[in-house]
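Here is the structure we will look at, set down as structure tokens.
The values are calculated or read from the model by the stated rules, or taken from the named source; none is laboratory data. What you see is a predicted model; the values in this text were computed from it and never measured. Note that we place each Cβ from the backbone using ideal geometry, even for glycine, and neighbour counts take in every protein chain shown.
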Amino acid sequence: MAIHIRDVPWEDRSLAWDRDGTDKGRKPCVAGETADEPVCEGIIASGTNHPRRRYSGRGYYMIGSIAVVRGARPAPGEVMQIVDWQHPKGVLWVSSHSGVCRIPATEVLYGSTGDVIHREFGISFCIDPSKVMFSQGNRTEKMRVAALTREGERVADLYAGIGYFTLPVARAGGIVHAMEINPVAFGYLQKNIVLNQLSDRIEARCGDCRDLLSGVYDRVIMGHFDSATILYQALSHVHPGSVIHVHSSGHQPSDITGQLKAAGFEAEISARKVKKTGPHCWHFVQDVTLA
């Protein structure tokens, strides 16, 4: 079925949705310097458009205006399918991540990369996905932890990255001590704190979290898959009633009961799956509520 449209200058696209007659049930189609804004029946239109066919090509996800592809290297035809459908600034292939900082191995297959603004749930992340990792699969987990955070909680984010958990938790009311060892990611973390106007709620430090832990925390976020290996150090900075979120990857969650017992804590442990990381392998998070 044809869709009635009217042309909107690209610079006015953010205002278009407030205009009378806009069909808010449909998305505008951006092309060049204009956006084709769908309008309701009976509204004067500048033309008609026809719905695009459903995309059936190679899987990808968007970080800002950059299309990111994982897995095997895509063929040129697969890249152009993404370009024709999404019109991205660039198409980036991420073949792997390495080291404790999870540095991405990347190749630009179309266009260019560079800093972009990626938005999730009202939070803006400045990032260049060719330089630092950004996982789309953690979106629900970020918002879940933010929803659990109480106003005024002192929160430690041991592997803060560019602010994946730090920013939503601070916006939810937490007072966050954010620690990041990778100076490139830390630079983006500093930008993102300012970008989201959260400087009064976040203390950010660059370095090894084992050396930066300070005082006592109500909530501890351990978002690295090797978190269980340093849990004993985090247990020196909590109190009965504190909650620790321990991430891991494998066929089952990491066994942390021995470390809890050695530190003198009893705890209620609830494990959940975040996303699949490989054949029969999952990203787990364990919510540890200390008694």
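Couple of notes before you dig in:
- Within the range 260-288, being more than 13 Å from residue 248 (Cβ to Cβ), among the charged types (D, E, K, R) and at pLDDT below 95 holds for one residue alone: 276.
- Among the residues of this structure, residue 283 does not count as one that is more than 22 Å from residue 141 (Cβ to Cβ) and touching a residue at least 40 places away in the same chain (Cβ under 8 Å).
- Pick from the range 230-289, criterion in a strand (DSSP E or B) and among the hydroxyl-bearing types (Ser, Thr, Tyr), ranking: surrounded by the fewest Cβ atoms within 10 Å (Cβ to Cβ): 270
- For the range 122-142, the criterion of being within 30 Å of residue 241 (Cβ to Cβ), surrounded by fewer than 17 Cβ atoms within 10 Å (Cβ to Cβ), among the acidic types (Asp, Glu) and in the same structural domain as residue 270 (by TED's automatic domain parsing) is met by none of the residues.
- When every residue of the range 135-148 is checked against the conditions, none turns out to be over 28 Å from residue 217 (Cβ atoms) and either modelled with pLDDT under 95 or in contact with a helix residue (DSSP H, G or I) (Cβ under 9 Å, 6 or more places away or on another chain) (or both).
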